[in-house]
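Here the structure is laid out as C-alpha cells; the discussion comes afterwards.
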Amino acid sequence: MYTFLIAIGSFIGFIVAYNTYGRWIAHQVFALDPDADVPSKQLEDGVDYVPSKRSIVFGHHFTSIAGTGPIVGPAIAVFWGWLPALLWVVLGSIFIGAVHDFGALVVSMRNRGQTVGEIAGRLISPRTKLLFLLALFFALTVVLAIFGLVIAIIFKVYPGSVLAVWVSLPIAIVFGIMLKRGSNQLLPMSIISLILIYFAIYVGVYHFPITLPVSNPVVVWTIILLVYCAIASVLPVWLLLQPRDYVNSHQLFVALALLVAGLIVASCTGQADLTASTPAITQELPANTPPIWPFLFITIACGAVSGFHCLVSSGTSSKQVSNETDALSIGYGSMLLEAALAVVVILACCAGVGMGKFKPVHVVRANGVERTEYQAVVNPVTNQPLTKREAWRTTYELGQGKSWESFTLPSKIGAFVEGGANFLTVLGIPLHLGIGIIAVLVACFAATTLDSATRLQRYVIQELGGALRVAPLTNMYVATIVAVVLGGLIAMLKGPAGMGSGGLLLWPLFGATNQLLAGLAFMVTTFYLWRRNKPIWFVVVPMIFMIVLPAWALIWQLFNAESGWWWSGDRFLVAVIGSVTLGLQFWMVVEALLIWPKAKGVIEDSPPPLVPAAKFSTSGGRSC
C-alpha cells in the first residue's frame, strides 16, 4: 500500500502544481495571448512550420522529450536510494524542469520559432549566439551517438520488440496522409493504430522475433537507425513526426495505465513493497560510485529537468503551436507527465524488480535465435527463495560484479523493462508479452528522440553555417548528412563493449552536458524577462542551480582520481568534449554578467523576418 500511496501522492502533486504554479507563470508572468500571431502561421511552409492542434503538438513534444531519459536515469540513481531520486523528480520537475521547458517554448514562439541559441545572440550578445550554437552542436552529437546505440541494444536484447517498432512507421505515415486529406478522426485512428502495434508486439514476441545473423548486430542496427532518422528528419512534420508521436503518446498512456493498475494490485496485495525491496537512502554503495552531490542531479535529467528539452521546445514544437495559450499544457504539462513516468520507473526499478522471483538468462536456441528465458532465483547459501530486497540486488548485480562501472546500459534499461513487466504479470499478462510491451515502449520513445534530435541538429548546423558564413551548411540536406555522419562516426568507435559502442564512451558525459544546456536555456529566459521588467526569481534560482551543479560534476569527472581521470586512456575524446563544453559555458556566463547591468528594461532588437523556402498552401487549409 505504501508504494501505491507514493505514486498517487506524486500524481496529485503534479496536478496541483499545474493548476497553481504553472498557471501563475502562464498568466501573470508571460501573459499568454490567444490572439497572438504565432510562428507556425507567420512562416507556414508545410515542412517545419505547420500550425497544428494542441493534442498533436502535445503528442510530438511529449514523446520527443521523454525518450529513454526518464527510464535510464532513475534506473541508475536508485542506487543512492529511492527517496532522493523521488524527491528530485517531483520537486525538480515542478520548480525547474517544467519552468525550463515552458519558458523556452514561449520565448521561441515570440521570436519566430528560432532556437534558444539563435535567440541568445540578440538577448545577450552576438558572441553568445555562436558559443551557444557550438554547445548545442556538441550536446546533440552526444545524443545522436547514444540514442541510436540505446535502440540497437534493445533490438539485440529483446528481439521480440523489433517488428512492432518498424511496423509503427508505415502505420504513422498512413495516419498522417489521412489527416492531410482532411480527416478529423484523430482518436479513432490512434486507437486502430495502437491495436495494430499491440498485435505486432504479440507476433514479434511469440512468432517472429527478429535477429540479425551478424557477429555484431548492434553496429548494423545503429547504421540502419541513423539512415532512418536522416530520412525522417527531412520529411514534412505532418507525414511522420506528428502522427507517430501522437500515437506513441497514446501508447504511453496505455502502458502507464497498465503499469499503475499493476502497481496498485501488487501494492495492495503485498507483492510489491518499496520499503522492503530497496533502502530509502542507501548506506552500502557499489564501488567507485560518485557522490550523490552533484551526481544525482545530472544522473536523473529527463523526468526532473533536461537541457535537451529546450531544443525540442524551441526547435520543433514552437513551429507547430497554433495558439499561444496551448504552450501551458505543451510546455509545462508535458514535463509533469514525463515526471509521472519517471515516478513509475523508480517504483518499477525498486518495488517492481523486488517482486522478481526470476533472473534473466539468455538461451541460444538451435535455430540461432536468441531469446530471453527465466529461471528461479534462490539464495545460494540457504537455497531458499530470495527476499524482495535480495531479489532486487540480484537483478542488478548478479553476474556483473558490484562496481559502479559494472552496471551496463542494457542492465539499466532492462531494470525498467523487467520490473515493469513484473507489474503487468499481476494483471494476468504473461511475462514474455509484458517484456515485449515495455521494450517496444522504450524503443519507440528512443526513436522519436533520435530523429527529433537529428532534425534539431540540422537546424543548429544550418544556423552555424549562417553565422560562420559557410553556405553549404545552410542547405537542409547537407546539414542533415553532416549531423548523421558525425554522430555515426562517434557511435562506431571502439568503446567499452567493442566496436560500435562508441556511444558508451560518451555516456558519462551525457548527463553533465545535457544539464549545462538547461542552465544556459534558463539564462536566455531570464534575460528575456529582465529586459521586460518581469519577475525573474523563479528562473534565476533554477538557473544558478543548473549552471553550478553540472559544472561541478564535469570538473569532478575531469580532474578527480576517483573518476578514472578522463584525460587518460580511451577517455581522451570524452575529456576533450567535456572540457570544450565547460569552457563554452564559462565564456557564456562571463558574456551574460558583462551585459546584465545594461539590459534591464531595454528591449532587444526584433528578429529579422524569416522567409520560408516555399510558402505552403492548400485548397483545404492547414494540415491538421
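The values are calculated or read from the model by the stated rules, or taken from the named source; none is laboratory data. All values derive from a computational prediction rather than experimental measurement. When we count neighbours, we look across all protein chains shown, and the Cβ atoms used for this are built from the backbone with ideal geometry, even at glycine.
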Verdict on T20 being surrounded by 12 or more Cβ atoms within 10 Å (Cβ to Cβ), assigned to a helix (DSSP H, G or I) and of a type in the set (S, T, N, Q): no
- request: Give segment 314-363 a look and list any residue that's in contact with a strand residue (DSSP E or B) (Cβ under 7 Å, 6 or more places away or on another chain) and at pLDDT below 85, or say none.
  value: K357, F358, K359, P360, V361, H362, V363
Test result for F95, crowded, with 19+ Cβ neighbours inside 10 Å and either among the polar types (S, T, N, Q) or at negative phi (or both): no
Looking only at segment 267-281, and only at residues there that are of a type in the set (V, I, T) and either surrounded by 14 or more Cβ atoms within 10 Å (Cβ to Cβ) or farther than 21 Å from L91 by Cβ (or both), the one that is modelled with the lowest pLDDT: T275
query: What number goes with the only condition from (1) part of a loop (DSSP other than H, G, I, E, B); (2) at pLDDT 95 or above; (3) surrounded by 24 or more Cβ atoms within 10 Å (Cβ to Cβ) that A31 does not pass?
result: (3)
Members of segment 309-353 that are closer than 28 Å to D33 by Cβ and of a type in the set (V, I, T): V312, T316, V321, T325, I330
- prompt: Of all the helices (runs of 4 or more DSSP H) wholly in segment 115-207, which have at least 1 residues that are farther than 30 Å from G466 by Cα and not charged (D, E, K, R)?
  reply: 126-157, 162-180, 186-206
task: Pull up segment 548-576, narrow it to residues that are buried (at least 20 other Cβ atoms within 10 Å of the Cβ) and either of a type in the set (S, T, N, Q) or modelled with pLDDT of 75 or more (or both), then point me to the one that is farthest from L131 (Cα to Cα).
output: Q557
- line: Per the filter on segment 530-544, residues touching a helix residue (DSSP H, G or I) at 6+ places or on another chain (Cβ under 7 Å) and either buried (at least 20 other Cβ atoms within 10 Å of the Cβ) or not basic (K, R) (or both) are W530, P535, I536, F538, V539, V540, P542, M543
query: Looking only at segment 282-325, which residues are part of a loop (DSSP other than H, G, I, E, B) and surrounded by 24 or more Cβ atoms within 10 Å (Cβ to Cβ)?
result: I300, A301, C302, G303, A304, V305, S306, G307, T316, Q320
- request: May I ask you to say which residue of L130, L123, L87 is touching a residue at least 12 places away in the same chain (Cβ under 8 Å) and surrounded by fewer than 24 Cβ atoms within 10 Å (Cβ to Cβ)?
  value: L130
Selected residue [farther than 28 Å from R54 by Cα and modelled with pLDDT under 95] from F137, F147: F137
field: I536, sole failed condition from (1) aliphatic (A, V, I, L, M); (2) at pLDDT 95 or above; (3) closer than 23 Å to C302 by Cα
entry: (3)
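Yes/no per residue for (1) of a type in the set (D, E); (2) over 15 Å from S322 (Cβ atoms); (3) assigned to a loop (DSSP other than H, G, I, E, B); (4) out of contact with any Phe, Trp or Tyr (no Cβ under 7 Å at 6 or more places or on another chain):
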site	(1), (2), (3), (4)
K41	no, no, no, yes
D48	yes, no, yes, yes
A75	no, yes, no, no
F79	no, yes, no, yes
A85	no, yes, no, yes
- line: Residue count, segment 442-478, condition more than 22 Å from L239 (Cβ to Cβ), in a helix (DSSP H, G or I) and without any contact (Cβ under 8 Å) to a residue 60 or more places away in the chain, comes to 6
- request: Looking for whichever is crowded, with 22+ Cβ neighbours inside 10 Å, modelled with pLDDT of 90 or more and within 20 Å of the chain's Cα centre (by Cα) here; the options are A446, A483. Which one fits?
  value: A483
query: Just one of the numbered conditions (1) touching a residue at least 40 places away in the same chain (Cβ under 8 Å); (2) over 20 Å from the mean Cα position of the chain (by Cα) is not true of W24; which one?
result: (1)
- prompt: Which residues, taken from segment 218-241, are of a type outside the set (A, V, I, L, M) and either surrounded by fewer than 19 Cβ atoms within 10 Å (Cβ to Cβ) or more than 18 Å from G160 (Cβ to Cβ) (or both)?
  reply: T222, Y228, C229, S233, P236, W238
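A quick yes/no check of all residues on (1) more than 25 Å from Q242 (Cα to Cα); (2) at pLDDT 95 or above; (3) in contact with a strand residue (DSSP E or B) (Cβ under 7 Å, 6 or more places away or on another chain):
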position: V16; (1), (2), (3): yes, yes, no
position: Y21; (1), (2), (3): yes, yes, no
position: I25; (1), (2), (3): yes, yes, no
position: P39; (1), (2), (3): no, no, no
position: G81; (1), (2), (3): yes, no, no
position: G97; (1), (2), (3): no, yes, no
task: Could you look through segment 51-70, keep only residues that are modelled with pLDDT of 90 or more and part of a loop (DSSP other than H, G, I, E, B), and pick out the one that is nearest to G333 (Cα to Cα)?
output: K53
task: Would you be able to tell me the number of residues in segment 291-311 that are closer than 16 Å to V89 by Cβ, of a type in the set (F, W, Y) and in contact with a Cys (Cβ under 9 Å, 6 or more places away or on another chain)?
output: 0
